[in-house]
Every structure is written in C-alpha cells, then in structure tokens.
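Since every read-out is calculated from the coordinates, none of them should be taken as a lab result. This structure is a prediction, so every number in the text was calculated from the model and none was measured. Here the Cβ is made from the backbone with ideal geometry for all residues, glycine too, and neighbour counts use every protein chain on show.
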Amino acid sequence: MNAGAGWRRWAVIAVVDASVVIDWIAPGADPSSPSMKTLRRLIRANDPVIAPELLYIECASALVTGVRRSRWTGSDADGAYGLLVRLPVRAVSDRRYLDRAWELSRRYDNHPVYDMLYAATAEAVGTVFITADETLLQRLGHLGWVQRPGT
C-alpha cells in the first residue's frame, strides 16, 4: 500500500485584514508587494481565507476614500469594488467574536476593536492572522500566529 494513499496536504486557513486585502484590489496595486505575494501563495496552495464581515466595509470605505483624495478615479474604484465582492473570502459574522475582540482591545492598550476582531477570529479558528498594520503587528506579533504579508 502506498504510504501517501488517502492522505492529502492539510490546508492552512488564513485570516486576512483590510490592510492586506486593499493591496490585492486597489487600482494600481503593486504586483510585487508582500500582500500580493501572500495572495499568490494562498491561491497556489488553494488555502481557504476567512475574515470578519467587517472586511468588506473597511475595503469599500478605503476605495471611496481613494476617490475623494484623487488617488484613483471613480471608475477604477468601481472595478476594484467588483474584485472585492468576488474574492473567495469566507466571511464570518462580526458578532461571533466581538466579545473576544473587546477583551483583546482592552488587554492591548485599547487598540481599536475593529482590528482586534480579525485577531479574535484567527484565535478562535486556531490559525494565522495576516496583517500589514504595523501598529497591530507590534502589539500582537509576539503571539506567533500574527504575521506580516509575504512571510
């Protein structure tokens, strides 16, 4: 019998936040950015990606802000929004881990609860949390399961 029969590689579920996803969809996104390298790795490995529902609101707001600040056109933002809603990200209810996000926020210098919601989701699922938010990385990087993109 083949020793590998019946076995397949375990998928690594990743939780990503808006700081990573906006780099995937923003008009003129740098294809060599660490976030894009992470996206390519996740796609190649066919690894599932999850995030709180908040992800879509944060990214959509960033796209609108980019239009207001003349970083890109409304048409470009519309295209990026189309990419956002088609991303293969499994959204989980924000309410599901809100209490834990509150606890993490209080524990880590009252860091914004919306950022801690991603961390609470990853913690509950028992997986990695990928963020490009330097402040969040400084606060949570010691946990071992909080990573910067591209690693």
Inset, instruction - Of the numbered conditions (1) buried (at least 17 other Cβ atoms within 10 Å of the Cβ); (2) more than 15 Å from the chain's Cα centre (by Cα); (3) touching a residue at least 12 places away in the same chain (Cβ under 8 Å), G79 fails exactly one; give the number of that condition. - result: (1)
Inset, instruction - Report, ordered by the first and then the second residue, all pairs with beta carbons closer than 7 Å, sequence separation of six or more or different chains, a first member in the range 94-114 that is more than 15 Å from D17 (Cα to Cα) and without any contact (Cβ under 8 Å) to a residue 12 or more places away in the chain, and a second member that is outside any loop (DSSP other than H, G, I, E, B) and not aromatic (F, W, Y). - result: S105/V113; S105/M116
Legend entry - Single condition Y114 does not satisfy, out of (1) buried (at least 16 other Cβ atoms within 10 Å of the Cβ); (2) closer than 18 Å to A51 by Cβ; (3) over 15 Å from the mean Cα position of the chain (by Cα): (3)
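Within the range 73-92, is even one residue assigned to a loop (DSSP other than H, G, I, E, B) and over 25 Å from A124 (Cα atoms)?
Yes.
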Legend entry - Options S19, S33: the member that is over 21 Å from R139 (Cα atoms), polar (S, T, N, Q) and out of contact with any strand residue (DSSP E or B) (no Cβ under 8 Å at 6 or more places or on another chain): S33
